[in-house]
Structure formats: C-alpha cells, structure tokens
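The values are calculated or read from the model by the stated rules, or taken from the named source; none is laboratory data. For clarity, every value in this text was computed on a predicted model and none was experimentally measured. Here the Cβ is made from the backbone with ideal geometry for all residues, glycine too, and neighbour counts use every protein chain on show. Accessible surface is based on the protein model in full, side chains and every heavy atom, while ligands, DNA and RNA are left aside. Shrake-Rupley method; radii C 1.70, N 1.55, O 1.52, S 1.80 Å.
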Amino acid sequence: MHILSLALGGCLRGEPVRYGITEDTGGHIGYILGEMRALSLRGDVRCAEIVTRRFDAPELGTVHARREEWLAPKLVLRRIDSGNPDYLAKEALGADREAFTAALIEELRSRERLPDLIHAHFADAADVAARIQRVFGIPFVYTAHSLAMDKLKASGFRTQALRQRIEEEDRAIARAAAVVGSSRDECERQLASYPSASVDRIHRLTPGTAPADPQPAKIAAARALIAPFLRDPQRPMVLAVARAVHKKNLVGLVEAFAGEPGLRSQCNLVIVAGQRQSLNEGEAEQREVMNALADAIDRHDLYGCVAYPKTHSRPEVEGLYALAAQSRGVFANPAQVEPYGLTLVEAATFGLPVVATKIGGAHDIVLELGHGTLIDPEDTAGIGRAIRELIADRNAWNAKSANGLRNVRSMTWEDYAARFVELARSILAPARVTANCIARRALVVSDLDNTLTGCPEGARRFSDFFRRHPDHGFIVATGRSIGEARRLVRDWGLPEPLSWITSVGTEIYHRAENRLVPDEGFVRAIGDQWHPRAIAAALEDIAGLTAQAGYEQRSFKRSYFAEDAAAVTEIEARLERRSLEARVIYSHGNLLDIVPREAGKGAALAHVARHHDVPLDRVFAAGDSGNDADMLSLCQNAILVGNHAPEVAALAGLANVYVSRRSHAAGALEGIIAHRARHRADDRAEARDRSEAA
Ligand code: GLC
Ligand code: MG
C-alpha cells in the first residue's frame, strides 16, 4: 500500500521542526511525521509519502526549497512547485491552490504507479485531494485537526472568512471516504455538527506520542533558556506551550497566575508561545497576543517569576517538560477551546500533571489519562485556584503524575498506523455485506462493556459462534454512542452487527450495504414527550449530581455522574412534580442516564426484533449492569454474565434469566448455548406430547 499525506500550509519538514516559526507551523506537523514514520515501518506499506508546497524563503530554512527530502527508507517528503516561490499563509495560500493542484496533478501524471490513498490534512488539502480523486480515482481520508465550527462559537461573531472555512470543511466531510478525528469531542460533537457528517464515515484514531526522552543536555538547554527571566528557578514551574493566538487564552493564564497569591509568591510561570525576534512582528493576531502578554506581566509586576523566551527548539521544549515535572509543577492549557491537545498527552509522558480546559478534546484526554484537573477557561480565578491546589496537594500530584505515565503508554503511533491501515483496507476493498439476505432465525442482542469485553479469548469464541450459525443475527445494545460502539466492536474483533442499539436504547441504526441507516421510526416512537432542557433545569441543584461530558448528551439521552443511588428517587420525584415524562437508569454505582419514557434497551430490543421479523421467543439478550435491566427482564432468553454488577443481582431470580458461571463474552456464549439446549428439550417434549395425543 502506498499512502500519500497531503498538507499545504506551515513549514513542513523532517526534524528538527521549528514549531511556531510561523502561525501555521503547529501540532499537525508532528502528527504527520509521527503517523507517516509509523506507517513506513510496516511491512504492508510500500511507501509513505508526504506532499507539501515548495517555497524558497531561507529565513524559514533552506530545506523548504528542496523537492525531495528522504526521512527514512520508505518515508519521503516531496515538495511541489506551484510557480510562486514565496512562503504563503491563509488567504494567499488559498489563492495559490489552483496552481498547486495543477502542478501536483501533472507530477502524478508523470508517475508509473499512483498512490493508493491520500490522507488530506486540513480542508484545503481535502479540496486538492477531491480534485485528484476526480482525475485519478484515488480516494482520500480527511483529518481536520482544528475545526472552524467551534471557533465560530468561541469568537461569537460570524465573519465571511469563517463562514467560508466552515463550508469548505463541510465539503471535505462530504467528499472524503472517511473522516478521522482524534478525540470523542471532535468526532461526536464537533464533526457531527456539520450537515454532511454521517456516523459511518467518522473514525476516532488516537494519535501516538513518542515516549519522553529527558536527556541531561535537553534539561540543561531548557534551564539556560529560562534562566535570564527567573529569580528563583527552583520553584515549581507552571508551563504553557501554545501558539500566540487569542483562543489559547495565554493572557488569561497570566491573569490567573497573578491573581492567585500562592502562585506568584511560590511558583514560576513559563510560557512558550511561538518564535519571534520582537513583540511587534508576524501576523496581527500574534502581535496582539504578545503585546497583551507583555502588558499583563508588566501591569502585575511579575518580573522574576514569569519567563517567555523568544525562541525555542524542540529539545528545549522537551527539557522544559522534564524540568516542570522535576520541580513538581503543572502543565497548563486554559484554551477557550482545544480540539485535541497533543501537548497534554506530551505532558503525561513526562509525568507532568495538567490543568486543562474542559472545552473540547482536552476533556476526554484528561478523563482517559487521569492526569489532571479540568477548568472552565472563562473562570480566571478558578484556573489559578486549580493550579495552586494541584501543586500544593502532594498526594494528588503523585497520583496524577503516575496515572499519566502509566496510561499514556498505550497511545503509540504503531497503534495508530495499524488502525489506519485497517481503515485504508476497508476503503480500498469494502467488505461485501451479503449476509443481509439470510433469513434470521434468531437474534442475539448483547451489551458491550463488561458483557462482551474483558477477555479476548472469550470474545474470539463468541465471534466464532456467529460464523458457525449464520442464521443468528448479532445486535449490539450499549450505553455508548454509535461512534464509540463501532470502535469497540472493531477493537474486540466482534462480528459486524446487523443493527446497533446505542446511547442506552435511545438510538437504533441498521446495516444496509456498507452504510448505517438511523431508524427514524424509533425516533418517532420515543421522541414525543421529551423535554431535555426542562429536565436539565429541574435537576440543576441536586447535590452530588454532575453532568457527564458534552458529547455524552445525545438527542434523547441526558447523562450524569451520581454519587449514590438515592439520587434516582430524588430525580424521579422532581420530574414527577413537573410532569416531565422520563426514565431514570442507574448503572455501575455512579452513572445515571435519563431517557424518554418509551426508550431504553428493552424497548429498542422489541423494536429491532420487529424490524428483522424475528419473534421475541427467538431473541437472546445478554448484559451485566443497570442499563441492561429492562432488556433482561423483558427478554425470554436473558443472560446475566458471571461478572454482573450488584445493581442487577436481583434479576438472577427471574425464570427467564440464565446466570452464567463464566464471565464476559464466554459467559454470554454459555447463556446462548444453555437457552438453545432448553429450546431443543422443549421442542422434543412438545413433539412427544403431540405424538402421545395422536
Ligand atoms: C455509557 C455511556 C454513558 C452512560 C453509561 C451507562 O458508558 O457512554 O453516558 O451513562 O453508558 O448507561
Ligand atoms: Mg455493560
């Protein structure tokens, strides 16, 4: 397989990359280099090729004028000459696109063998890729990196340029064979809000991170970089690394630092914000931000405890992460919105805890890695407080530092590359779904988390069952969103479901050819008396109840964390008092969902059985926790896996419920086999009765 990664802007080159040298030289470059290097190391990848624009601007590095830069044996960076030798940003880059595209098409025409797939980074590259697709038929995958829809919300005003960018992003989403996002927020909230988005083409691939490499030379270089600024360099360091743009809220961070007494007297603040010769150079936004930073430092008399070096190299930045961790400091990212937040993952590799914005992708990184505190970027005092508390609490700091180090280990570029290749294969040779025409004699409806996941060997045997029994259709019924459910099914090698019941039985999707079609009939059946805003308002001040992340709030599902089960009665009483019809579902001792009265996994199971024309006595259902309870009570062939949660233990007494000795998928399989044996025994008994009666 030959994969071509395409990116037009910024100073794209092999290491050493000078991040921040221009406004467009940001995190996507590390992403492309990491992705493509890992792809090039795979046996099934013949060539990993990065394509960008050639320019001749020695002050940005002579390498950008080179047409070819080999980075590793199967990894090459090619620069295409559009005819304009200048470095271009934004509008100018847009004006150059025609010429660039024509030059690239011509270059591709001269080749003996074309690439199999293009990975377009940003919407402008997707536009170029779409034209290449029209000429050569090469499909493309689109990675947005930073979507404008959220920028629109953050800035509050709608400029012409912003509107055009959003339209261009929507076109990219419409034309791409697949859209790749990094975080759940990006996949399920940001991308999903574009008109052309569809769940079956959005895929979450976690970018990799290189393990930390804190060589003494890097640490020494970092010390030297900040020494001129700081009176007492040994203090705990609050470190921020971000481009000098408004939405990164760096001025807010300085205000937070200045306003929190424990910080300015006992800590240092180190801000790495791009490269500059003077405060008054570069783009207008960069000048504004740098001047506002300098002004805030001056106004609050923060001399001696704030460093904001003018230039930095990659090794120096790594040295700073290491120094910040050694000093028992924190990494701060208070951005108004952060689409992903690679720096937060990087901080984890150094064992450096973080204080990060709860808006955007940073949210799920911090939840997944467990290495920090989330803050509201609007709440400047809250940012300062959170930083001080984390630095002051030794136990919390140690736990978060250890969590980051441990959990980040699973985020590797090798892993990313493996998933990317799998995605590429599914695009290049889509699996033909012929199984749809088989008449289904039975359906197996199963929860995912802890019912089918937990033991790979069991999951394998469970999947084998469906290969041997093609007349048994597999249906997923999960609390997760459709996007995450698909990821889990793929990761665990489970069979491709006929239908998906997701978000706690509030959404249903059916497989049709290679697409997923939402079940509109089910929406009509549950959507009638559903008033999510009124529900949220009614529950606002319940103690111990906090909302789950924004992307967990779905059209027909409101989700919370609840400290104890007593919340359920309280919530039910409040909803009743306001005549709000809804069901409250409690799982795993801390997750609480509110869904329409007619929704839930049980109702969805009945709907899906009708859809596939399978009688209810031929439906099996397996589960392990609270949100499975309704479906397990309703189903005549219910299975409670051995590892079930205490909140559903009472179901074990029901006649229709088989309690497995085994756990996880092996337990689900044990239950299916037991129910089938019972059916056969019943059938035999019935046949005997009939022959005796005759
Ligand atoms: C899944 C959902 C979550 C829900 C939980 C329990 O984990 O993502 O929102 O609360 O299931 O139903
Ligand atoms: Mg479960």
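Residues in the stretch 475-499 that are within 13 Å of ligand 2 (Cβ to nearest atom), open to solvent by less than 30 Å² (accessible area, probe 1.4 Å) and without any contact (Cβ under 8 Å) to a residue 60 or more places away in the chain: VAL476, THR478, ALA485, LEU488. Could you please give the count of residues in the stretch 588-635 that are modelled with pLDDT of 95 or more, in a strand (DSSP E or B) and within 16 Å of ligand 1 (Cβ to nearest atom)? Of the residues in that region, 7 qualify.
Results for (1) of a type in the set (Lys, Arg); (2) surrounded by fewer than 22 Cβ atoms within 10 Å (Cβ to Cβ), shown as yes or no for each residue.
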position	(1), (2)
GLY626	no, no
LEU632	no, no
VAL641	no, no
PRO646	no, yes
ARG661	yes, yes
ARG676	yes, yes
ASP682	no, yes
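Considering every residue within the stretch 543-550, establish whether at least one is among the hydrophobic types (A, V, I, L, M, F, W, C), out of contact with any Ser or Thr (no Cβ under 9 Å at 6 or more places or on another chain) and outside the structural domain of GLY626 (by TED's automatic domain parsing). Yes. Only one entry of ARG578, ARG610 meets the criterion of being outside the structural domain of ILE501 (by TED's automatic domain parsing), more than 16 Å from ligand 2 (Cβ to nearest atom) and among the basic types (Lys, Arg), and that entry is ARG578. No other residue among HIS371, HIS363 is open to solvent by less than 10 Å² (accessible area, probe 1.4 Å) and either out of contact with any Phe, Trp or Tyr (no Cβ under 6 Å at 6 or more places or on another chain) or closer than 20 Å to GLY30 by Cβ (or both) apart from HIS371. Scanning the stretch 254-303 for residues being outside any loop (DSSP other than H, G, I, E, B) and closer than 20 Å to GLU316 by Cα gives a total of 5. In the stretch 81-108, the residues that are within 18 Å of ILE132 (Cβ to Cβ) reach residues that are open to solvent by less than 50 Å² (accessible area, probe 1.4 Å) and among the hydroxyl-bearing types (Ser, Thr, Tyr) with C-beta atoms within less than 6 angstrom, at least six apart or across chains, in these pairs: ASP96/SER82; ALA99/SER82; PHE100/SER82; ALA103/SER82. Whenever a residue of the stretch 641-657 is assigned by TED's automatic domain parsing to the domain that holds VAL568 and closer than 10 Å to ASN450 by Cα, it has no partner that is among the aromatic types (Phe, Trp, Tyr) and open to solvent by less than 30 Å² (accessible area, probe 1.4 Å) lying with C-beta atoms less than 9 angstrom away and at least six residues away or across chains. Residues being open to solvent by 20 Å² or more (accessible area, probe 1.4 Å), over 23 Å from the mean Cα position of the chain (by Cα) and modelled with pLDDT of 95 or more: count how many of those fall in the stretch 1-57. Going through the stretch 1-57 one residue at a time, the tally reaches 10.
This table checks each residue for (1) on the phi < 0 side of the Ramachandran plot; (2) of a type in the set (Val, Ile, Thr); (3) free of Cβ contacts under 8 Å to residues at least 60 places away in the same chain; (4) not assigned by TED's automatic domain parsing to the domain that holds LEU239.
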position: GLY262; (1), (2), (3), (4): yes, no, no, no
position: CYS267; (1), (2), (3), (4): yes, no, no, no
position: VAL270; (1), (2), (3), (4): yes, yes, yes, no
position: SER278; (1), (2), (3), (4): yes, no, yes, no
position: GLY282; (1), (2), (3), (4): no, no, no, no
position: GLN286; (1), (2), (3), (4): yes, no, no, no
position: MET290; (1), (2), (3), (4): yes, no, yes, no
position: ARG299; (1), (2), (3), (4): yes, no, yes, no
position: GLY304; (1), (2), (3), (4): no, no, no, no
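The residues listed here are ALA562, ALA547; of these, the one that is at pLDDT below 95, open to solvent by 50 Å² or more (accessible area, probe 1.4 Å) and touching a strand residue (DSSP E or B) at 6+ places or on another chain (Cβ under 8 Å) is ALA547. In the stretch 540-559, the residue that is nearest to ligand 2 (Cβ to nearest atom) out of those that are part of a loop (DSSP other than H, G, I, E, B) and within 22 Å of ILE359 (Cβ to Cβ) is GLN548.
Taking the stretch 137-228 and the strands (runs of 3 or more DSSP E) fully enclosed by it, the elements with 3 or more residues that are among the hydrophobic types (A, V, I, L, M, F, W, C), open to solvent by less than 40 Å² (accessible area, probe 1.4 Å) and in contact with a strand residue (DSSP E or B) (Cβ under 6 Å, 6 or more places away or on another chain) are at 178-181. Of the residues GLU581, GLU576, the single one that is of a type outside the set (S, T, N, Q), part of a loop (DSSP other than H, G, I, E, B) and open to solvent by 40 Å² or more (accessible area, probe 1.4 Å) is GLU581.
Of all the listed residues (ARG511, ARG461), the sole one being away from ligand 2 (no atom under 16 Å from the Cβ), surrounded by fewer than 17 Cβ atoms within 10 Å (Cβ to Cβ) and in the same structural domain as ARG676 (by TED's automatic domain parsing) is ARG461. Would it be correct to say that ALA130 is outside the structural domain of GLY550 (by TED's automatic domain parsing) and open to solvent by less than 30 Å² (accessible area, probe 1.4 Å)? So ALA130 fits the description; yes.
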